[in-house]
Amino acid sequence: MKTIFLLAFALLTVLTPFAHASPPTTATGTFTASFTVLSVTTAGGNTIITVNETATLTGSFVGTRIAQGSEIIHPDGSFIASDTGTFTGTLNGEPGSLVIMGHSTGVGGTGAGGFVVNNGTGGLEDIHGYGPFKFTATGPTSTTGTYSVTIHT
């Protein structure tokens with residue numbers, strides 16, 4: 001009986017099609033972002049800013065990301081920020097939309113963080129990825145930066 005089960009398992013293993021994922025690719029480029037301040041509050045010496053963000057991406061991603069987020073600025077000038085938004089445009093020429101979540105830290109007007117990319121639609125439906133970004137403030141409510149995202153399908 002044990003031999004029959006092992007033979008059946010071996011036969012199923014051989015007959016089961018293999019799932020093939022594409023090798024990861026790297027999406028790189030630049031972005032500019034502007035922020036509309038929705039609220040500013042303070043707590044424990046920290047300043048908490050809630051914003052809407054509009055970012056224009058170029059390079060592998062070409063399009064616009066609309067996001068909502070918040071930034072906590074500590075008394076020493078360091079900050080932590082996070083946001084979630086929808087990118088609409090193309091990735092390497094494929095049209096669609098993606099949810100992009102970002103998290104960053106920094107001091108003053110410079111910072112770095114990471115993106116998580118998923119929940120695509122259209123030609124980007126099976127896309128997910130992650131990667132770093134860096135940015136520098138270009139004004140009180142604007143930044144510019146670079147990104148590098150490892151993309152999986």
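Within the set of pairs 6+ apart or on separate chains, which have a first residue in the stretch 112-124 that is farther than 29 Å from T136 by Cβ, a second that is among the basic types (K, R), and C-beta atoms under 6 Å apart?
Here the result reads none, with nothing in the stretch 112-124 linked to a residue that is among the basic types (K, R).
Show the residue pairs that are 6+ apart or on different chains and have beta-carbon atoms under 9 Å apart, the first residue being within the stretch 68-94 and open to solvent by less than 60 Å² (accessible area, probe 1.4 Å), the second being at pLDDT below 95 and in a strand (DSSP E or B).
Qualifying pairs under 9 Å: none.
Any idea which of V37, V51 is open to solvent by less than 50 Å² (accessible area, probe 1.4 Å) and either out of contact with any Pro (no Cβ under 8 Å at 6 or more places or on another chain) or under 20 Å from T141 (Cβ atoms) (or both)?
V51
Taking the stretch 72-95 on its own, how many of its residues are on the phi > 0 side of the Ramachandran plot and hydrophobic (A, V, I, L, M, F, W, C)?
Total satisfying the criteria: 0.
I'd like to know if the stretch 45-60 contains one or more residues that are under 15 Å from I127 (Cβ atoms) and either touching a His at 6+ places or on another chain (Cβ under 6 Å) or at pLDDT 95 or above (or both).
Yes, some residue in the stretch 45-60 is under 15 Å from I127 (Cβ atoms) and either touching a His at 6+ places or on another chain (Cβ under 6 Å) or at pLDDT 95 or above (or both).
If a residue must be in contact with a His (Cβ under 7 Å, 6 or more places away or on another chain), closer than 14 Å to F61 by Cα and open to solvent by 20 Å² or more (accessible area, probe 1.4 Å), how many such residues does the stretch 110-153 contain?
Adding up the residues that qualify gives 2.
Report whether or not T42 is under 25 Å from the mean Cα position of the chain (by Cα), at pLDDT 55 or above and open to solvent by 70 Å² or more (accessible area, probe 1.4 Å).
Taking the combined requirement at face value, the residue does not satisfy it.
Do any residues in the stretch 33-56 that are among the aromatic types (F, W, Y) have Cβ atoms under 6 Å from those of residues that are part of a strand (DSSP E or B), where the two are at least six apart or on different chains, and which pairs are they?
F35/V51; F35/E53
The values are calculated or read from the model by the stated rules, or taken from the named source; none is laboratory data. What you see is a predicted model, and the numbers here were worked out from it, not measured in a lab. Every residue, glycine among them, receives a Cβ derived from its backbone with ideal geometry; neighbour counts consider all protein chains shown. Note: areas computed on protein heavy atoms with side chains; ligands, DNA, RNA excluded. Shrake-Rupley method; radii C 1.70, N 1.55, O 1.52, S 1.80 Å.
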